[in-house]
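These notes are about the structure you will find just below.
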């Protein structure tokens, strides 16, 4: 179970990664999105998400957030930069059916 702010962070991280081709947002970008003045509050939220198994972070690496348990529709869609819309990922079954 996530807190409201943790869910907001997850949704923002997933949307940012979908929009930028997998690049995670910085602590400052997350803080700005949440209207937080302090990055330490964002750090606390990320630690909670790590403890609950939703993300994994690399130590001493900027923008190194790996989403392990997505909470949004971005987990099943990709951002199409040309049309500025979400497109569903093609599953292996869908690909096999279209080829055969």
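Kindly indicate the residue of the stretch 44-84 that is exposed (fewer than 10 other Cβ atoms within 10 Å of the Cβ) and more than 14 Å from residue 22 (Cα to Cα) and also modelled with the lowest pLDDT among those meeting that condition. Write out each step before concluding.
Narrowing the stretch 44-84 to residues exposed (fewer than 10 other Cβ atoms within 10 Å of the Cβ): 51, 53, 59-62, 82-84.
Next, only the ones that are more than 14 Å from residue 22 (Cα to Cα) stay: 51, 53, 59-61, 82-84.
Numbers: 51: 96, 53: 94, 59: 86, 60: 85, 61: 86, 82: 75, 83: 74, 84: 65.
Per the stated criteria, the residue is 84.
Reported count of residues in the stretch 56-74, each being touching a helix residue (DSSP H, G or I) at 6+ places or on another chain (Cβ under 7 Å) and part of a helix (DSSP H, G or I), is 1.
Can you work out which of the residues in the stretch 1-23 that are surrounded by 13 or more Cβ atoms within 10 Å (Cβ to Cβ) and without any contact (Cβ under 8 Å) to a residue 40 or more places away in the chain is farthest from residue 58 (Cα to Cα)?
Keep residues of the stretch 1-23 that are surrounded by 13 or more Cβ atoms within 10 Å (Cβ to Cβ), which gives 2, 5-20.
Filter once more, so that each one left must be without any contact (Cβ under 8 Å) to a residue 40 or more places away in the chain: 8, 12, 16, 20.
Details: 8: 21, 12: 19, 16: 18, 20: 19 Å.
Taking the candidates together, the pick is 8.
If we keep just the residues of the stretch 1-23 that are outside any loop (DSSP other than H, G, I, E, B) and more than 19 Å from residue 66 (Cβ to Cβ), which is modelled with the highest pLDDT? Show your work before the answer.
At the first step, the residues of the stretch 1-23 found to be outside any loop (DSSP other than H, G, I, E, B) are 4-20.
Those still in the list that are more than 19 Å from residue 66 (Cβ to Cβ) too: 4-5.
Details: 4: 89, 5: 92.
Checked the stretch 1-23; the qualifying residue modelled with the highest pLDDT is 5.
Take the stretch 39-55 and flag every residue that is assigned to a helix (DSSP H, G or I) and touching a helix residue (DSSP H, G or I) at 6+ places or on another chain (Cβ under 8 Å).
Here is the first cut: in the stretch 39-55, the ones assigned to a helix (DSSP H, G or I) are 39-51.
Selection gives 39, 41, 42, 43, 45, 46, 48, 49.
Please go through the stretch 24-38 and pick out each residue that is under 18 Å from residue 60 (Cα atoms) and surrounded by fewer than 15 Cβ atoms within 10 Å (Cβ to Cβ). Scanning the stretch 24-38 gives a single hit, 28.
Might you check whether a residue that is in contact with a strand residue (DSSP E or B) (Cβ under 6 Å, 6 or more places away or on another chain), under 15 Å from residue 70 (Cα atoms) and either outside any helix (DSSP H, G or I) or free of Cβ contacts under 8 Å to residues at least 60 places away in the same chain (or both) occurs anywhere in the stretch 24-38?
Keep residues of the stretch 24-38 that are in contact with a strand residue (DSSP E or B) (Cβ under 6 Å, 6 or more places away or on another chain), which gives 24.
Checking the rest, the ones that are also under 15 Å from residue 70 (Cα atoms) come to 24.
Restricting the remaining residues to those that are either outside any helix (DSSP H, G or I) or free of Cβ contacts under 8 Å to residues at least 60 places away in the same chain (or both) gives 24.
Yes, there is a match, as at least one residue in the stretch 24-38 is in contact with a strand residue (DSSP E or B) (Cβ under 6 Å, 6 or more places away or on another chain), under 15 Å from residue 70 (Cα atoms) and either outside any helix (DSSP H, G or I) or free of Cβ contacts under 8 Å to residues at least 60 places away in the same chain (or both).
The values are calculated or read from the model by the stated rules, or taken from the named source; none is laboratory data. Please read these numbers as outputs of a predicted model, since none were measured by experiment. Methodologically, a virtual Cβ is constructed for each residue, glycine included, from the backbone with ideal geometry; neighbour enumeration extends over all protein chains shown.
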